[in-house]
Amino acid sequence: MTNATGIVGAKVVWKDAFTIVGERIRFDPSEGTPPSGNAIAKLWPRFNERVGEIEHAAGGAYGLCVFDEGGAPGAPFDYIAGVRATRSGRVPEGMTSYTVPGGLYCVVTRQGAIDEIGATFDYYRKEWLPNSGYVCAPLEFEYYDERYRGNDDPASVMEVWFSIRPARPVPLENRIASVFIHVTDLRRSAEWYSRLLGLPVLEDRLNGGPVYWFDLGDTGLVLDNDANNRKDPDWSGEMPRIMFPAKDIDEAYAYVKERATPFSEPRRHGSMAYFNFADPEGNAQMACWTAAESTAPAPATRSPIRPRIGGAFVDAKEMRRMAAWYADLLGLPLDEEQAKRTIYSIPVTRGAALLLDGNRHANGESFTEICYFETDDFDAALAHAREQGFALAAEPAYFPDLSEFALLDPDGNRIVVAQLLESETEANA
């Protein structure tokens, strides 16, 4: 049902980063031409004639508004008429490729002729935004699918996506900076994971300290023998699984204290500081600040198991409660439909997926899975694991959307290797 201004509804969602390919123009809204006859309306027929030239195109069409930094409302901006590309490919001559970062959006669905679209912007800016708890972020796009019947059709339905951010800044980034695996023999574990990923053992990282780390792109891997923790009389015995980046450690500590009980106050070591805390079911996590974070690219390797963590798991017994807690912690909306499932994917800006996993509880299983590494060749990855003499935790499993096998590292930690198979639905999302 629509209201008098054609608004069907509005909702807050997270959208992962995506890339569109299309034609780009400079548009000046001060010209005052109605939307049905302006430069944007004239761009779309030209683009539609060439859309077949775009490789790996999927889903509907996007009208992306790219604003100048610090640009005033009503100032000229770039407009791209395009489609989503599911993977990189050749960009046709005269077109451009633009990657939209992941983020929060207010999605306003509207119905009506395109010349009435101004009412949608008025609704968002004057009615929805002032009472939302969010503020504007500088990005907007239109989304058109089969519901859109043409500019002049009053039955046409489209979406306008307005980028937003919480009015109260969240001092934690919704990203897994590192995954911790707690081990007993640091060298033995460093050698095992290096063999798994086809990487050399870096002797300078086995210098007597309590950790050995792998630089794997946006999400690193930290092996921790907890030697220093065991010497600390104030250590509560917590062993965090996930490290969340903190923009300011003191702000993050105060923020988390409103939602959980930290195990200790922030601990400071030169250019870094951290504290650990527990979620509602007792899973320990870490918030960490560093003076100058550097994300080293994933190294090259000959192993069929990619040196990239695809996702990290957090066991959940009460899925909706846990999903709501992590969503609130990271300033994200709760997806009620997803909360009914046994896996809930918390949106992240980049890097490994954060996966709340209810399967262990649902199946009455006593083990836990820490994370999964990705492979593009499942059979080769399985053969590699067997050649290395690694212990399989169970027989390989095959599902419509993925194939996986689990390994036990030298300490019995369960690590998954998976090949994800993109479904037709996902390809067109």
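The values are calculated or read from the model by the stated rules, or taken from the named source; none is laboratory data. Nothing here was measured: the structure is a model prediction, and the numbers come from that model. Cβ sites come from the backbone with ideal geometry, for glycine too, and all protein chains shown count toward neighbours. Please note that ligands, DNA and RNA were not included when accessible areas were found on the heavy atoms of the full protein model with its side chains. Shrake-Rupley method; radii C 1.70, N 1.55, O 1.52, S 1.80 Å.
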Rounding to the nearest 10 and keeping the result within 0 to 90°, find how far the Cα-based axis of helix 186-197 lies from the longest principal axis of the chain. 40 degrees
What is the calculated FRET efficiency for LYS126 to ASP411, with r their C-beta to C-beta distance and R₀ = 45 Å, to the nearest 0.05? 0.20
Theoretical FRET efficiency, 1/(1+(r/R0)^6), r = Cβ-Cβ of VAL201 and VAL91, R0 51 Å, to 0.05: 0.80
Multiplying the sequence separation of GLU55 and THR368 by 0.36 nm and subtracting their Cα-Cα distance, what value in nm do you get? 108.6 nm
With every protein chain kept in place and a 1.4 Å probe, the chain has an accessible area per residue in Å² of 48 Å²
Rough spin-label spacing in nm, given labels placed 7 Å along Cα→Cβ, for TRP213 and GLU265: 2.5 nm
Carbon and sulfur atoms: what percent of the 1.4 Å accessible area of the range 148-252 do they account for? 48 percent
Put TRP213, TRP44 in order of accessible area, largest first, probe 1.4 Å, and you get TRP213, TRP44
Over the chain, what is the percentage of antiparallel beta bridges among all DSSP beta bridges, to the nearest 5? 85 percent
Could you sort TYR79, TYR143 by accessible area so the largest value comes first, with the probe set to 1.4 Å? TYR143, TYR79
Determine the dipole magnitude for the range 149-241: charges of +1 sit on the beta-carbon of Lys and Arg, -1 on that of Asp and Glu, nothing else is charged, the reference point is the Cα centre, and the result goes in debye to the nearest 20. 140 debye
For the range 1-138, report the convex hull volume of the alpha-carbon atoms normalised per residue, in Å³, without decimals. 131 Å³
Mean shadow area of the chain over all directions, Cα convex hull, nm²: 23.3 nm²
With label points built 7 Å along Cα→Cβ from the Cα atoms of ASN151 and GLU336, find their separation and express it in nm. 3.8 nm
Pseudo-spin-label distance LEU402 to VAL107, built 7 Å along Cα→Cβ, given in nm, is 2.2 nm
For the range 8-89, run through the GluC sites (Glu not before Pro) and keep only the ones in DSSP coil with at most 11 other Cβ atoms within 10 Å of their Cβ. GLU69
With a 1.4 angstrom probe the carbon and sulfur portion of accessible area for the range 1-128, in percent, totals 49 percent
Once fully extended, how much extra length lies between GLU387 and ARG187, figured as 0.36 nm per residue of separation less the alpha-carbon to alpha-carbon distance? 69.9 nm
Using the C-alpha gyration tensor of the range 115-186, what are the square roots of 5 times its eigenvalues, in whole angstrom, with the largest one first? 40, 19, 8
ALA227/ARG302 FRET efficiency (R0 30 Å; Cβ-Cβ; nearest 0.05): 0.40
Helix-derived mean residue ellipticity, 222 nm - over the chain, DSSP H n ≥ 4, -39500 (n - 2.57), to 500: -4500 deg cm²/dmol
